[in-house]
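Accompanying notes for the structure given below.
The values are calculated or read from the model by the stated rules, or taken from the named source; none is laboratory data. On a predicted model such as this, the values are computed, not experimentally measured, just so you know. Here the Cβ is made from the backbone with ideal geometry for all residues, glycine too, and neighbour counts use every protein chain on show.
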Amino acid sequence: MRLFPAFCLAIVLATPAAAADKPVQLGRFKDWSAMTAGTGADKTCYALSQPAASDPKGVARGQIYFLISDFPSRKVKGEPQIVPGYAYPANGTVNVTVGSDKWTFFTGNNGDNGGAWLKTRDDEAKLVAAMQKGSRMVVTGASARGTTTTDAYSLSGISAALQKAHAECKM
């Protein structure tokens, strides 16, 4: 199994408890941002975005993100992750669509914070390539309470944000 939710969620939901771990924005590129957090072996660089639209409206959710991370110390480049703003049900899945291409993510929780990842590096690379060629991505999942949500992301600026994140982590 890939990197588990606790570390990845900590990156996005980081608090200013430790200045070295506080995310730093490297730049904003249309609808995507490039960020970095940590130092040395703990350094991570990533591109992230929030949905342009979320349904159903009025559902209480925490922060919602899609991010693509580089972990230089583990030699991992371009690992996609979904942060839905709620906990997922046990053994849940999330569907991601870019154009006519579809991917299924597995889910995990760290308390009330959910996260979702792809199972293979090959699928990760294919998804990132599709995102860089596409204009819109749709993420559909369900909360532990059974509410189905759909988040639509603009892909405008993703290539530039990824390029900046990869350069920062020398990947």
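Where the second residue is modelled with pLDDT of 95 or more and assigned to a loop (DSSP other than H, G, I, E, B) and the first is under 16 Å from Leu155 (Cα atoms) and lies in segment 77-95, which pairs have Cβ atoms under 8 Å and are six or more apart or on separate chains? Within 8 Å, the pairs are Pro80/Leu118.
Consider segment 52-80 and keep the residues that are under 19 Å from Ala130 (Cβ atoms) and of a type in the set (Gly, Ala, Ser). The one that is surrounded by the fewest Cβ atoms within 10 Å (Cβ to Cβ) is Ala52.
Starting from residues that are small (Gly, Ala, Ser) and part of a loop (DSSP other than H, G, I, E, B), keep the ones in segment 145-171 and report whichever is surrounded by the fewest Cβ atoms within 10 Å (Cβ to Cβ). Filtering segment 145-171 for residues that are small (Gly, Ala, Ser) and part of a loop (DSSP other than H, G, I, E, B), the one surrounded by the fewest Cβ atoms within 10 Å (Cβ to Cβ) comes out as Gly146.
Do we find that Thr97 is of a type in the set (Ser, Thr, Tyr) and touching a Ser or Thr at 6+ places or on another chain (Cβ under 7 Å) in this structure? The answer is no for Thr97.
Among the conditions (1) small (Gly, Ala, Ser); (2) touching an Asp or Glu at 6+ places or on another chain (Cβ under 9 Å); (3) over 27 Å from Gly40 (Cα atoms), the only one that Ser143 does not satisfy is (2).
Could you tell me whether segment 94-106 includes any residue that is among the aromatic types (Phe, Trp, Tyr), in a strand (DSSP E or B) and in contact with a helix residue (DSSP H, G or I) (Cβ under 7 Å, 6 or more places away or on another chain)? Yes: one or more hits. Hey, could you check segment 22-48 for residues that are of a type in the set (D, E, K, R) and more than 30 Å from Ala142 (Cα to Cα) and say which is modelled with the lowest pLDDT? The qualifying residue modelled with the lowest pLDDT is Asp42.
For residues that are assigned to a helix (DSSP H, G or I) and either touching an Asp or Glu at 6+ places or on another chain (Cβ under 6 Å) or not aliphatic (A, V, I, L, M) (or both), tally how many sit in segment 114-127. Going through segment 114-127 one residue at a time, the tally reaches 5.
Tell me whether segment 93-105 contains one or more residues that are over 20 Å from Thr36 (Cβ atoms), in contact with an Asp or Glu (Cβ under 6 Å, 6 or more places away or on another chain) and hydroxyl-bearing (Ser, Thr, Tyr). The answer is no, given that none of the residues of segment 93-105 is over 20 Å from Thr36 (Cβ atoms), in contact with an Asp or Glu (Cβ under 6 Å, 6 or more places away or on another chain) and hydroxyl-bearing (Ser, Thr, Tyr). For beta carbons closer than 8 Å, sequence separation of 6+ or different chains, a first residue in segment 128-144 that is assigned to a loop (DSSP other than H, G, I, E, B) and a second that is at pLDDT 95 or above and of a type in the set (Phe, Trp, Tyr), the qualifying pairs are Ser143/Tyr86; Ser143/Tyr88; Ala144/Tyr86; Ala144/Tyr88.
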